[in-house]
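Read-outs: derived from the displayed coordinates by stated rules, not from any lab. These numbers were taken from a predicted model, which means no experiment stands behind them. Neighbour counts run over all protein chains shown; Cβ positions are idealised from the backbone, glycine included.
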């Protein structure tokens, strides 16, 4: 072989290596079903995570999780209770002297708003949600959710991680670890907090826990895009690229000298991703590129600044999902404040005025996001979740017109890829006090979510502190009634 032939073949070979790496990041379900079960010396999977290897064919390949912190009321939003209306003003039978989270409860209190029949299914939801009413035939409601805690911080963490204690990976981190990103220039997992602030227990809701640190969510929002992305004035593109190349050599050398340090590796990966996002992120967050009809649909210019901000976050969520982000946490409301129900759905004292403030913020933008995903064809492989940490009591708190915390029965729902719309699974009792029909846990919820993403929740594990840990702890069952045939 001559010199020219050798150099030509070498060039082709190097290009092929690069092509294989690029193609590998795009392949889905290329490993045999037991790929996620093979373990290395440390007890963790020997397979390379983030390559889309699944246990079975997936129905969804991305997730949008909408979270309403504060404990949104099931009997005032999603679950119609005729008996609650008939027994309004009377004691709750069998629990006349009930003491709950904030003290003694008063009598049963019907919802201040009518529950109206919607869609072909005739599903009744609150009249406060006229825009969401258009989607009930595509939603699978779980009316029998139960939680392990009646406190906001642990409740939010439990709903997001499957564990009451902090320090465990969120569902988004597990999905990031298992599937990786479909866009190398954007993170796999993004959390979008509300303008009013972070949810209870803050960043623990989107933590990587004991998974490698690169799987924690990147936090951004329409009101606070990623900072420090622009190249400093006076530095040329060539100088910046040369600096990156030099840093890459230093990083690789340092990583080789410190194997197993996931925080170091994550920091290196974060800087590399930040460099890529200098080009991609400004385009993603540039909502002005959207046509005026889309802005009207979402309500981004609404005179209510809280609604307009949440609407812009909804639009940002759609732009992230369609560009390959695997998991988006979208928050509507924030942590508790000195006035209950002011900043989130925690309506202890003034339910009517609180929800007449929160529902208009939530309703139109959320419904617009669902409409937009559907008309773009994204719902065929996007799984949408609506969650809250627990529900509310069917009684009023003594001396108030609000409701106390209720972890014994509340509603969450799913929509999109593989979900059997127009379904209502489980139910609370006749008053909405406790899950009475097909009680469902957070672990059941995520077993079903992971199934739709192509994973057996019992086999997606990570060895930590002597145990094979998983999102569903040692529990969880698939809720088959929520799935399309």
- [ ] Can you tell me which of 465-478, 106-119, 83-96, 308-321 comes out highest on packing, and rank the rest after it, using the mean Cβ neighbours within 10 Å?
- [x] 308-321, 106-119, 465-478, 83-96
- [ ] Could you tell me the distance between the Cα centroids of the range 380-405 and the range 71-134, to the nearest Å?
- [x] 10
TODO: Give, in nm to one decimal, the length gained when the segment between residue 356 and residue 477 is fully stretched (0.36 nm per residue of separation minus the Cα-Cα distance).
DONE: 39.9 nm
Open item on the list: Which order do the peptides 435-441, 66-72 come out in when sorted by mean C-beta neighbours inside 10 angstrom, highest first?
Closed with: 66-72, 435-441
Task: Mean-position separation - Cα centroids, the range 407-479 and the range 197-247, in angstrom - done: 32
Task: 222, 353, 126 arranged by Cβ crowding within 10 Å, fewest neighbours leading - done: 353, 222, 126
TODO: Determine the gain in length on full extension of the stretch residue 99-residue 239; use 0.36 nm per residue of separation and subtract their C-alpha separation, reporting nm with one decimal.
DONE: 43.7 nm
TODO: Quick one: order 215, 56, 135 by neighbouring beta-carbon count within 10 Å, fewest to most.
DONE: 56, 135, 215
Open item on the list: If packing is taken as the average number of other Cβ atoms within 10 Å across a peptide's residues, how do 447-456, 164-173, 385-394 rank, most packed first?
Closed with: 385-394, 447-456, 164-173
Task: Prolate/oblate/rounded label for the range 342-464 (Cα gyration tensor, a/c 1.5) - done: oblate
Open item on the list: Under the rule a/c < 1.5 gives rounded, and otherwise a/b versus b/c splits prolate from oblate, where does the range 396-485 land using the Cα gyration tensor?
Closed with: oblate
Open item on the list: Quick check: from the Cα gyration tensor, does the range 191-252 come out rounded (a/c under 1.5), prolate or oblate?
Closed with: oblate
- [ ] Mind sorting 366, 161 by how few other Cβ atoms lie within 10 Å of their own Cβ, fewest first?
- [x] 366, 161
TODO: Would you please give the FRET efficiency between residue 184 and residue 120, computed as 1/(1 + (r/R0)^6) with r the Cβ-Cβ distance and R0 = 45 Å, to the nearest 0.05?
DONE: 0.60
Task: Paramagnetic reach from residue 429 (point 7 Å along Cα→Cβ, amide N under 20 Å) across the range 378-408 - done: 390-398, 403-408
